[in-house]
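See structure below.
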Amino acid sequence: MSEDQGKRLNDYLLIEPHYGWADAEGNFIKPTLKQILKEYLTRINIFKDSKAWFPFMAWFWVLCLLPFMLLLLFKYFTWPLFIGGMVYGMVIMGSHGTMWYHRYSTHNAFTFKNSFWKFVSQHIVIKVIPEELYVVSHHIHHEKSDMPGDPYNAFGGFFYCFFADTNHQLIKRDLTPEDYNVASKCLQHTGARINTYEEYLKYGTITNPWYIMISWVLNWSFWGLAFFFLGEAIGVTGGGMAMVCAVFGGTFVWSVGIRTFNYEGHGKGAGKNGWGSSDLNRKDYSINQLWPGYVAGEWHNNHHLFPTSSRSGFLPYQMDLPWMYVKFLHWLGGITEYRDNKKQFLENYYKPFKENQTIVDSSALPVDLSGR
């Protein structure tokens, strides 16, 4: 299928919320909080619709993590445990999310030598998000950034983005076989078990539910036992269970925090006033932020310039932990090739900017992407 055909598919690939993407004039519709919550509760209602299992499950996983956080705070709390859990959630989970979901699963920024290294990289942390929930909609986010149809459009406000995984990121359940074949190709390289077209019609997803559930049980069981025995071995105060609560509690913080990122990462809907001096991409309202950059390598404005790059920390102060992982695995032989657009960034964007020239392609930005 041609690129133009793919773009047309992106116009109707996701289930449109009841409040719509745009009005009759093509302007972005900003729903009320009541509309957002009603949409959310409708879409996770497994008693009314069995195909709601997928978004329900994603939030059920978050709910399963909450007791670990509460136990950490009220039973096993020590500062070393708390700090360790937060480092695990913010840095390790955050960097893995950027490496696995963002750069590999969505953008194919590098190539694994074989399925072993892919499996290790996929499950090297506690798994919280199925690839399908992230990957398919993220392609559309890049095509329609900050415009109607962007599944996490910051102009919709904080809760528009926070509940986007349920309200805006699910694929339609009545695609034609041809359209389903195109959509499913987005996930084939991840190693996920892809549904046949008949299974897709039955379950409403690209990824097979049994694969998702078995992967979840095995992943959590492995890491639960691993951290329990680690805690026992190193003599953590409170024992192995305290260690488990620390890392699973930190994972809870990440699983909630990641749902806020695109609101923050696109300037909270502030438009051009949100750009900083390092945001050299003016085609959309993505911005570079120090905290997501340092803890997760998510230099978002840079990423929108070069989405298929294995590195987005292009400037000396922009530390990029996911890039370090890619380089390390490449050194070990687990990754055979990768893309690095640092040179193009410096030559095409940073050098002209430092010479007080016009930022490349800045004129391409519409006057008001929000459609307000």
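Tabulated data
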quantity: Residues Asp23, Asp179, sorted so that the one with the fewest Cβ neighbours within 10 Å comes first; calculated: Asp23, Asp179
quantity: Flagged links, alpha-carbon separation over 23 Å, of Lys172/Lys202; Lys283/Lys354; Lys113/Lys144; Lys118/Lys327; calculated: Lys113/Lys144
quantity: Chymotrypsin sites (Phe, Trp or Tyr not before Pro) restricted to DSSP loop in region 303-347 with at most 13 other C-beta within 10 Å; calculated: Tyr317
quantity: Approximate spin-label separation Thr237-Val182, in nm, with each point projected 7 Å along Cα-to-Cβ; calculated: 5.8
quantity: Amide H within-cut-off set for Ala22, under 5 Å, with H built and near neighbours excluded; calculated: Ile29
quantity: Sparse-neighbour loop sites [trypsin sites (Lys or Arg not before Pro); region 21-95; at most 14 other C-beta within 10 Å; DSSP]; calculated: Lys48, Lys75
quantity: Dipole magnitude (debye, nearest 20) for the chain, charges at Cβ of Lys, Arg, Asp, Glu; calculated: 600
quantity: Given 13 as the ceiling on other Cβ atoms within 10 Å, longest exposed-site-free region of the chain for GluC sites (Glu not before Pro) in DSSP loops; calculated: 26-354
quantity: Placed amide H near Leu14: partners under 5 Å, 5+ positions off or other chain; calculated: Lys172
quantity: Under Karplus coefficients 6.51, -1.76 and 1.60, residue-wise ³J(HN,Hα) of region 339-349 in Hz, glycine/proline x; calculated: 10, 9, 9, 4, 4, 5, 4, 5, 6, 8, 10
quantity: Surrounding net charge for His141, when Lys and Arg each add one and Asp and Glu each subtract one, Cβ distance under 11 Å; calculated: -3
quantity: Karplus (6.51, -1.76, 1.60) ³J(HN,Hα), θ = phi - 60°, over region 77-83, in Hz, Gly and Pro reported as x; calculated: 4, 9, 4, x, 5, 4, 5
quantity: Burial ordering of Asp150, Asp11, fewest other beta-carbon atoms within 10 Å first; calculated: Asp11, Asp150
quantity: In Hz, Karplus ³J(HN,Hα) per residue of region 122-131 (6.51, -1.76, 1.60; θ = phi - 60°; x = Gly, Pro); calculated: 5, 10, 6, 9, 5, 8, 10, 10, x, 4
quantity: For the chain, calculated [θ]222 nm from helices alone, where every DSSP H run of n ≥ 4 adds -39500 (n - 2.57); calculated: -14000 deg cm²/dmol
quantity: Local net charge near Tyr104, Cβ-Cβ under 10 Å (Lys/Arg +1, Asp/Glu -1); calculated: +1
quantity: Region 42-79-region 207-246 distance, computed between alpha-carbon centres (Å); calculated: 16
quantity: Relative contact order of region 179-285, pairs being alpha-carbon contacts under 8 Å that are 6 or more residues apart, as %; calculated: 11
quantity: Alpha-carbon centroids, region 134-191 and region 322-340: separation in whole Å; calculated: 28
quantity: Net charge, Ile206 excluded, C-beta distance under 12 Å - Lys, Arg +1, Asp, Glu -1; calculated: 0
quantity: Charged-residue dipole, Cβ positions (Lys, Arg, Asp, Glu), region 33-94 about Cα centre, Debye nearest 20; calculated: 200
quantity: Residues with amide H under 5 Å from that of Ile335, placed H, sequence gap 5 or more; calculated: Lys113, His330
quantity: Mean separation of Cα contacts under 8 Å (6+ apart) over length of the chain, as relative contact order %; calculated: 23
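We did not get these values from a lab; they are worked out from the coordinates using the rules stated. A quick note: this is a predicted structure, and the numbers were derived from the prediction, not measured. Counting neighbours? That spans all protein chains shown, and the Cβs are built from the backbone with ideal geometry, glycine included.
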